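Peer 1: Below is a structure I'd like to ask you about.
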Amino acid sequence: MKVSGFTFIKNAVKFEYPIVEAIRSILPLCDEVVVAVGDSEDGTRELVAAIHPDKVRIIDTIWNPDLKEGGAVLADETNKAFRAINGKADWCIYIQGDEVLHEKYHTTVKQSMEEWKNQQEVDGLLFKYKHFYGSFDYVGVSARWYRNEIRVIRHNPSIYSYRDAQGFRKGNNEKLRVKAMDAYIYHYGWVRPPKIMMDKNRNFGNYWGGGKMTEDFIKKFSGEFDYSQVDALEKFTEPHPAVMLDRIQRMNWTFDYDLSYNKFTWKDHFKNFMEKWTGVRPFDYKNYTLLR
């Protein structure tokens, strides 16, 4: 079985993306990892090139300046990396620059890829998610956080990154048929120093709202990010992935959250109630067709 990883990144140093940890977290499962490195200004290419010269292959890209709505440029960069994968790959593992696969799930992922390798009706494999917020000690638990997403896909040229690169589709906008795994992706996109978090959000505004740097936009994204404006969190007490430990030890800001306080909506309460009693969480967005 041949497995390729793929991802994209730009200005990882400037905006403190854990891209090194992301790539290292899937390397043991991959024969190669293709990284689309955008036109950065901070040494990102050198950072990626030093990870594993034998297994990490860089393709240099320029982000399309015309793709400034809905995060479309992120899907475009994802597709560049996916199309550059070795033609012999059976499966492709996708990881974003702020995501990490815990090493304790490597065996589960490998066994699942082997199990479904020859079952062509299976387009991909579905992961669960933990979304960290504010610090490495808290995870989001409200309905705003997506609970599942596809991160392993078959090496099929009809598959492409969808919308803002959160998921995938194939052919004529068809949802992928996937098998679920008991494995988590750890998403660290909302854990950065408050000033850098605000800088990152302001930068991303260029790719969602047409790139219009109005006075109101600049004012909204100035200063430091206020992590206190969150609906509901819970304490994370398990070990983090080994590749994240050095970054966690370097954390230089403080975030504390009162667990007795939350802003759950009626929808959150209803979803939690239904999931508790039926095992099914209603109304969640699903960009896939789950095979039983």
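Peer 1: Out of everything in the stretch 49-90 that is outside any loop (DSSP other than H, G, I, E, B), over 11 Å from Thr7 (Cα atoms) and among the aliphatic types (A, V, I, L, M), what residue ends up being farthest from the chain's Cα centre (by Cα)?
Peer 2: Ala49
Peer 1: It is to be established whether one or more residues within the stretch 34-55 are charged (D, E, K, R), in contact with a strand residue (DSSP E or B) (Cβ under 6 Å, 6 or more places away or on another chain) and crowded, with 19+ Cβ neighbours inside 10 Å.
Peer 2: no
Peer 1: Has the stretch 98-107 got at least one residue that is among the polar types (S, T, N, Q), in a helix (DSSP H, G or I) and loosely packed, with under 15 Cβ neighbours inside 10 Å?
Peer 2: There is at least one residue in the stretch 98-107 that is among the polar types (S, T, N, Q), in a helix (DSSP H, G or I) and loosely packed, with under 15 Cβ neighbours inside 10 Å.
Peer 1: For the stretch 242-262, give me each residue that is in contact (Cβ under 8 Å) with a residue 60 or more places away in the chain, of a type in the set (A, V, I, L, M, F, W, C) and in contact with a strand residue (DSSP E or B) (Cβ under 9 Å, 6 or more places away or on another chain).
Peer 2: Scanning the stretch 242-262 gives Val243, Met244, Phe255.
Peer 1: Okay, moving on. For Asn79, state whether it is modelled with pLDDT of 95 or more and polar (S, T, N, Q).
Peer 2: Judged against the criteria, Asn79 is a match.
Peer 1: Name the one entry in Gly140, Gly124 that is closer than 30 Å to Asp226 by Cβ, surrounded by 15 or more Cβ atoms within 10 Å (Cβ to Cβ) and out of contact with any Gly (no Cβ under 8 Å at 6 or more places or on another chain).
Peer 2: Residue meeting the stated conditions: Gly140.
Peer 1: For the condition within 30 Å of Lys117 (Cα to Cα), surrounded by 14 or more Cβ atoms within 10 Å (Cβ to Cβ) and at pLDDT 95 or above, what is the one hit in Arg192, Arg177?
Peer 2: Arg177
The values are calculated or read from the model by the stated rules, or taken from the named source; none is laboratory data. Worth saying up front: this structure is predicted, and the values here are computed from it rather than measured. When we count neighbours, we look across all protein chains shown, and the Cβ atoms used for this are built from the backbone with ideal geometry, even at glycine.
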